[in-house]
Amino acid sequence: MKLRHLFIMLPMLFGSATAIHAQVSVGIGLPGINIGINMPVYPRLVLVPGYPVYYDPYVNANYFFYDGMYWVYQDDNWYASSWYNGPWQLVDPFYVPEFLLRIPVRYYHRPPPYFRNWRADAPPHWGEHWGRDWEARRSGWNRWDHRAAPRPAPLPNYQRQYSEGRYPRDAEQQRAIRSEQYRYQPHEAVTRQHFEQQGNRGDAHLERGQQAPQMSAPRIEQRPQPMQAPQMDHRERDRYEPRERNGDNRGEERGGENRREEHGQDRR
């Protein structure tokens, strides 16, 4: 990431109704803390026609919402956050969801210079920009059936009440509020990973080569079964069944005792 400016103030005026909403400071910060997308109030998100992705038409930033998370493309990097004003996580290009990559160029309100020669109604040429390695690993990213697109995730409107001074900055506080107010289950692996990591450390990166955690079934401990004695018929049971003798617990085989009794009768 290139450090070009510390802060660039870009006030946006779209009439009195949107003047406060459109004031956004765009700069560069440390990944996982603040990338300079500072929004005083909740964004006005509308759907990109034909895509399960939202964008804010009033913000001079490449700002989107998809699969339960906010996404920003800035200075050749993708960032993600579960809250509309960060903090943000740097997302590796290999793991950016395909539906974000498919967004047409016209919905990027701060397009980089290399976007200018590309069609406005088509997605950016990511393979051309990120190189052959990326193209080989993400081949087919722009081939899809528009009729099979997933439904857009519900907007986390509970965040509207957290503006400016009320906005939670602590990652654990954000996670607790989201867990209570937002029940959506994401389907993208990178989004699931973000939510799982958020509970541990708010500034975790989604690095290249890092796989999303796999959910496994709970381990069931197998308890050893008690051994069972073999089944005997009544003759074998009579031979081995112990009996008490002389007040103690020692026994003899009943078959031997019977034989002694028979010898005694013969003598009489």
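The values are calculated or read from the model by the stated rules, or taken from the named source; none is laboratory data. Because the structure is a prediction, the values reported are computed rather than measured. Because the Cβ atoms are built from the backbone with ideal geometry, glycine has one as well, and the counts that use them run over all protein chains shown.
Please find, among P154, P113, the residue that is within 17 Å of the chain's Cα centre (by Cα) and modelled with pLDDT of 90 or more.
Details: P113 fails: within 17 Å of the chain's Cα centre (by Cα).
On inspection, the qualifying residue turns out to be P154.
Could you list, ordered by first residue, the pairs with Cβ atoms under 7 Å in which the first is in region 129-146 and within 14 Å of V96 (Cβ to Cβ) and the second is assigned to a loop (DSSP other than H, G, I, E, B) and of a type in the set (D, E, K, R), at least 6 apart or interchain?
N142/R102
Being surrounded by fewer than 18 Cβ atoms within 10 Å (Cβ to Cβ), at positive phi and in contact (Cβ under 8 Å) with a residue 40 or more places away in the chain is the requirement here; does D67 meet it?
It is false that D67 is surrounded by fewer than 18 Cβ atoms within 10 Å (Cβ to Cβ), at positive phi and in contact (Cβ under 8 Å) with a residue 40 or more places away in the chain.
With the checklist (1) of a type in the set (V, I, T); (2) at pLDDT below 95; (3) in contact with a helix residue (DSSP H, G or I) (Cβ under 7 Å, 6 or more places away or on another chain) in hand, flag the one item V105 doesn't pass.
The failed condition is (2).
Return a yes/no flag: does region 105-126 have any residue that is touching a residue at least 40 places away in the same chain (Cβ under 8 Å), of a type in the set (A, V, I, L, M) and assigned to a helix (DSSP H, G or I).
Within region 105-126, the subset touching a residue at least 40 places away in the same chain (Cβ under 8 Å) is 107-111.
Subset that is of a type in the set (A, V, I, L, M): none.
Checking region 105-126: not a single residue is touching a residue at least 40 places away in the same chain (Cβ under 8 Å), of a type in the set (A, V, I, L, M) and assigned to a helix (DSSP H, G or I).
Can you tell me which condition A204 does not meet? The list is (1) in contact with a helix residue (DSSP H, G or I) (Cβ under 8 Å, 6 or more places away or on another chain); (2) at pLDDT 85 or above, and all the others hold.
(2)
Quick check on my filter: what residues within region 128-145 are within 26 Å of the chain's Cα centre (by Cα), surrounded by 15 or more Cβ atoms within 10 Å (Cβ to Cβ) and part of a helix (DSSP H, G or I)?
Passing the criteria: W130, W134, E135.
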